[in-house]
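Take a look at the structure set out below.
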Amino acid sequence: MTTRASGAADQAVDGGRIDAHLAAFAELSEPGPGCTRLAYSPLERAAHAVFAAHMAALGLRVRTDHAGNTLAELPGAGAGKDRGDGGDGDGGGDSRAIGTGSHLDTVPSGGGFDGIVGVVAAMEVAEVMVRQGVPHRRPWRFVAFAAEEGARFGQACNGSRMAAGLTGAADLAGFTDAGGTTMAAAMAAAGLRPDLVDASRWRPEEWSAFVELHIEQGEVLHSSGVGLGVVDVISGSTRLRVRAEGRATHSGGTPMHLRRDALVTAAECVLLGDRLARDPAHDGVRVTVGRLTVEPGSITTVPGAAEFYVDIRDTDPVRQRAAARALAADFAGAADARGVRLATETIADTAPVVLPDRVSAHARAACADLGLPHRVLPSGASHDAQQIGRIIPTALLFVPSHGGLSHVPEEFTLTPQIVAGTRALLATLRRLDGARV
C-alpha cells in the first residue's frame, strides 16, 4: 500500500499525451465559441468512441452500457478469485474493482476541461499502468459517464444516476430538452436502449472504491496557489421550472395599471432568489436563474408568458430544501400581486453527499507521499462522484480552474496542474488497490 514502488509509474505521467487527448476531444464540437457537445448527441457518442478506441488499443476490455456509459477494465491479479473478506492476502488478488473517470459532454459554449480532464486522466492512468507493467491486485475500471451536464434535459449526472439506480427507465420520458425531445428518444436516436437502463445498474458488491478527478470550477485553489483539492462534501441541487402566465397585449395601448406582465413577474422572482441567497439566514445557499424565455417575444407586445429555471445549491440538505420551499412561496406571492398565474415544478432534486474519509484519507496520503500541496474543500458543483458515492465508497480530487472560470469558453487548467492531479490520482488508486476499503 506504500507509494515507494509507484515512483516510476507516477513519474511516467506524460503532459504531452494529456494535451493531445484534450485537443482531440475539443475538436468534437458544434460550431461556435467554446465547446458544445450535448448529452446524448452524436458528438457525445463520438467522444465516447475516441475513449473506447484508446482503451481497446491498450488491451483493456471495453463495453458501453444501456445508459451510454463507456467502461474499460484492466483485469486484476485476482479476477474471479474474490476471497470474500476483502482482505489483503500477500500478493493475492481481490475481484472487487477500483475505478476512476468522469464525463465527456459539455454545456452549450462551454470549455474543454470540465469532465474531460477526469476522462483524460483515466486514459493516461490506464496507459501508464499498461506500458509500465505496474502490478496490481484488483480490477481497475475506467469510466466515461454519459450525460452528466443538466443543460439539455434539466437533470444532471444522468449516466451515473442510472449506474447508481437513482434514475430508471420509467423516468426517462419525463425529461425533455428545449425542442421537446425526451431523454428516452435522444438515447434511442444515439443507438442506446433506454428501456433496458435498469440492467446497467452497478452492483456495489463488485466495487471497492471509486475516485474522480475534476477541475474545481471555482477559484479557491487558484486564488490560494494550492494545486490540488480533496473534497469532503459535494453540494446538493434542487432545480425548479417556473412558468408565469399573464396577458399579452399591445405595448402602446395598455396602460401600466392594467397590465399582467409575465416578464415583470419573472424578473421579480429572479430578484427574490438573489435576495434570499444573500440573506445571512440562508448562508451557504446559492440561487441561480440561468435560462429565461419570453412569449410572444415581440418588442411591441406586453409579455404574456415567461418561463425560467432556478438552480438552488447547498451543502446542507435541510437548508437546500427549505430554500426551495421558501422561493416557491415567494414566487407565488409576487405573481398573485400582479394578477399573473404561476406554476412551479421541481424537475430535479439531489441531496448533498459527504464523501467517506476512509477513501479520501488515501487521496490525502497520496498527495503527501508525492510532495504535492493540497487542501480539503467542499464542491459547490454536482459531479458523477456524488451519485456513485451513494453506492460505492468514493473520493473526489480537484485541480485548479484558472480564474475560477467554468462552463464558459475561457475555462482553463494548466497542463502541469493536470499532470500533478493525474499523478495524485494514480497514487491514490495504487493505495486503494492494496487497501481494505
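The values are calculated or read from the model by the stated rules, or taken from the named source; none is laboratory data. Because the structure is predicted, anything quoted here is derived from the model rather than measured. Heads up, the Cβs are rebuilt from the backbone with ideal geometry, glycines too, and the neighbour counts pull from every protein chain shown. SASA here: full protein model, heavy atoms, side chains in, ligands and nucleic acids out. Shrake-Rupley method; radii C 1.70, N 1.55, O 1.52, S 1.80 Å.
Rounded to the nearest 10 degrees, the angle from helix 262-278 to the longest Cα principal axis of the chain is 50 degrees.
Mean-square fluctuations from a GNM of the chain, with a 10 angstrom spring cutoff on Cα atoms, peak among A178, A328, A188 at A178.
What is the Cα centroid distance between the stretch 247-323 and the stretch 400-437, reported in whole angstrom? Using only Cα atoms, the two centres lie 37 Å from each other.
Under the simplified labelling scheme, the L258-R338 pair shows an inter-label distance of 1.9 nm, with each label point 7 Å from Cα along Cα→Cβ. Against the chain, whose longest principal axis is taken from its Cα atoms, helix 317-337 shows a tilt of about 20°. With a Förster radius of 35 Å applied to the beta-carbon distance between R436 and E410, the computed FRET efficiency rounds to 0.20. Given the choices (i) 42, 22, 20; (ii) 39, 26, 17; (iii) 32, 27, 21, semi-axes √(5λ) of the Cα gyration tensor in Å derived from the coordinates of this structure is entry (i).
In this rough spin-label picture, where each label sits 7 Å from Cα along the Cβ direction, the I299-S251 distance is 0.7 nm.
In this Cβ point-charge picture (+1 for Lys and Arg, -1 for Asp and Glu), the chain has a dipole of about 480 debye about its Cα centre. Note on the chain: with neighbouring protein chains present and a 1.4 Å probe, carbon and sulfur make up 54 percent of its accessible heavy-atom surface.
Here the Karplus curve 6.51 cos²θ - 1.76 cosθ + 1.60, taken at θ = phi - 60°, turns the phi angles of the stretch 34-41 into couplings of x, 10, 10, 9, 6, 4, 6, 9 Hz, with x standing for Gly and Pro.
Here the stretch 121-164 and the stretch 1-73 have alpha carbon centers that stand 8 Å from each other. The trypsin sites (Lys or Arg not before Pro) of the stretch 199-276 include none that DSSP puts in a loop with a beta carbon having at most 15 other beta carbons within 10 Å. So the label point goes 7 Å from the Cα of A178 along Cα→C-beta, right? Which residues of the stretch 256-299 then have their backbone N under 11 Å from it? Inside the label zone: 291-294. The residues of the chain have, on average, 39 Å² of accessible surface per residue, using a 1.4 Å probe with all protein chains present. Among A266, A52, A322, the residue with the largest mean-square fluctuation in a Gaussian network model of the chain, with springs joining Cα atoms closer than 10 Å, is A322.
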